[in-house]
1. With the requirement that a residue be polar (S, T, N, Q) and either under 20 Å from B:Leu81 (Cα atoms) or assigned to a helix (DSSP H, G or I) (or both), what does the range A:144-189 give you?
2. Can you find, within the range A:336-361, the residue that is farthest from A:Ser305 (Cα to Cα) among those that are in a helix (DSSP H, G or I) and aliphatic (A, V, I, L, M)?
3. Which of the residues that make up the range A:175-197 are small (Gly, Ala, Ser) and within 25 Å of B:Cys39 (Cβ to Cβ)?
4. Can you tell me which residue within the range A:160-183, out of those that are surrounded by fewer than 24 Cβ atoms within 10 Å (Cβ to Cβ) and small (Gly, Ala, Ser), is nearest to the other protein chains (Cβ to nearest Cβ)?
5. Looking at (1) assigned to a helix (DSSP H, G or I); (2) touching a Pro at 6+ places or on another chain (Cβ under 8 Å); (3) within 14 Å of chain B (Cβ to nearest Cβ), find the lone condition where A:Leu260 falls short.
6. Scan the range A:46-92 for residues that are at positive phi, within 14 Å of chain B (Cβ to nearest Cβ) and of a type outside the set (Ser, Thr, Tyr) and report the count.
7. Give the range A:40-73 a look and list any residue that's more than 26 Å from B:Pro61 (Cβ to Cβ) and of a type in the set (Asp, Glu), or say none.
8. Of the conditions (1) under 21 Å from A:Gly40 (Cβ atoms); (2) hydrophobic (A, V, I, L, M, F, W, C); (3) more than 14 Å from chain B (Cβ to nearest Cβ), A:Leu342 clears all except one; give me its number.
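The values are calculated or read from the model by the stated rules, or taken from the named source; none is laboratory data. Keep in mind it's a predicted model, so treat the numbers as computed, not measured. Because the Cβ atoms are built from the backbone with ideal geometry, glycine has one as well, and the counts that use them run over all protein chains shown.
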Amino acid sequence: MIQTQLAIIGGGPAGLCAAISAAESGSKVLLIERNDTLGGQLVKQTHMFFGSEKQYASTRGIDIAKILLDKLEEHKDNITIMKDTTVLGIYEDGVITAMRDEDKYMKIKPEALIVATGASEKFLAFPNNDLPGIYGAGAVQTLMNVHGVKPGNKVLMVGAGNIGLIVSYQLMQAGVKVEAIIDAAPKIGGYLVHASKIRRMGVPIYTSYTVKEAIGSDALEKAIIWKLDEAWKPIAGSEISFDVDVMCVSVGLTPLNELLVMSGCEMQYIPELSGIVPMRNENYQTTVPHIFTAGDSCGVEEASSAMVEGYLAGLCASDHIGNRHPMYEEKKADFINQLEGLRSGPEAAHIRSGVEKSLRR
Amino acid sequence: MIEKTGIPSREQVMDVFPDVERINKGPVAVIECYKEIPCNPCTTSCKFNAIYIGDDINKRPDLSEEKCIGCGVCLSKCPGLAIMVVDGSKSSETVDITIPYEFLPLPKPGEIVDGLDRSGAFIAKVKIIKVLNPKSYDRTPLVTASVDRKYLYDFRNIRLEETL
């Protein structure tokens, strides 16, 4: 049995920041990551981030990952990193079980735990959606930005949220033609500055359109879209056909919550946070007192807020086990203030509503 | 409308453009940040305190046309690539417009390329005047094109032969 003060599940933006913050508070941290690299989705993000200086605004995601890994290195005496390790279960006695390198099983007993498992992509149901060439946006980013492989030559992007818009832009930077971006909603969901920079490259954006079907024998050859009326019903005769070898589906994320569900903490379906999320207090502590959460696993939002949530959860989980940072109150107030800043605009109205519903005071 | 197409209306563009008198005096930024988002690197990167957002980082940036010298630093810092610099002091026929351009290959000074509007449609051939890509711009190069004045409010992008 491995004993540690604080275990953190997930080495993405929230988990990395939680580890740094907890180590700064004096906690001994075990950071568990199922992949062989840390950084989560940050390593695929070649665009500059929004936010303010405290959330590394104007720095590219991949460089933010480097900044966080350097900070992690500064605290290497307090942080043990366990990669290639998948957490399998959380039990009522506080023991977590994990598997390393696909065959080594282990038990870990932390005094406190932060679940920062992120989110998974939603997919879309339409005929032939299993044809080769139809990808989730995360897979396209992994191919292009991690492995340097073009996913194809002509792309239909499905989804005009920030991820769909950003990945479209990155595809064009990689020399891939984006034929169009479509979205079932009547308005573009992502930031308009992202939409405008793709539109001025000549890529049309079709709002109120969805995929009717994919066509191809061995792989995707054609994508047919059709228009939705005000009740989101498809309009026959409105079909448009695109000769594409790639369809990139970017229709949102949903929290990866299985471990939290298993741990017995109270969960609730909150549509504004994109799924079933843990109830938590302002310290990001769930209803199981030693379990905290941060990032998309407690509500799908931007990476900027995931990082701040991680810093806050690391600070508060450390305090929970008796490692109070000398500037605990100041730091906590600052993190809460940063989150309020990121969430106070019109684009974050749904987040404000969702956060309110998930708060247990 | 921009929420459906990504293309700002002429009214929106005119609303954020400095007047021609200011443009004719020398380079000045044009900030096309049409919707409130939580973001403020334009203001923190400006050495001349010419861009104001304030404590609420969701507010739209407010440019002081008097303080702005059109240095272009904010162009490379804006995550939305929403800023350009216009300079009408060089000629009565043309205006120099500087845009952020994150594609390869980069154009070369002297090259004639396609000038595009905010929908990506071709408007006119334009001549590249300057290409800056120092390390401090962090892989967001700035390209300056000389554009016929009648396209002052239309030009927003370039297209090279080699690119798609």
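1. Initial filter on the range A:144-189 (polar (S, T, N, Q)): A:145, A:153, A:162, A:168, A:170, A:173.
Selection gives A:Asn145, A:Asn162, A:Ser168, A:Gln170, A:Gln173.
2. Going residue by residue through the range A:336-361, those that are in a helix (DSSP H, G or I) are A:336-343, A:346-358.
Remaining after also requiring aliphatic (A, V, I, L, M): A:336, A:339, A:342, A:348-349, A:351, A:355.
Details: A:Ile336: 10, A:Leu339: 6, A:Leu342: 7, A:Ala348: 11, A:Ala349: 14, A:Ile351: 11, A:Val355: 12 Å.
Among those that are in a helix (DSSP H, G or I) and aliphatic (A, V, I, L, M), it is A:Ala349.
3. Let us first name the residues in the range A:175-197 that are small (Gly, Ala, Ser), namely A:175, A:180, A:184-185, A:189-190, A:195-196.
Within the range A:175-197, A:Ala185, A:Gly189, A:Gly190, A:Ala195, A:Ser196 qualify.
4. A:Gly175
5. If we test A:Leu260 against (1) assigned to a helix (DSSP H, G or I); (2) touching a Pro at 6+ places or on another chain (Cβ under 8 Å); (3) within 14 Å of chain B (Cβ to nearest Cβ), just (3) comes out false.
6. Keep residues of the range A:46-92 that are at positive phi, which gives A:51, A:56, A:58, A:84.
Next cut, within 14 Å of chain B (Cβ to nearest Cβ) only: A:51, A:56, A:58.
Pick out the ones that are also of a type outside the set (Ser, Thr, Tyr) and you get A:51.
Adding up the residues that qualify gives 1.
7. Hits for the range A:40-73 are A:Asp70, A:Glu73.
8. Failing condition for A:Leu342: (3).
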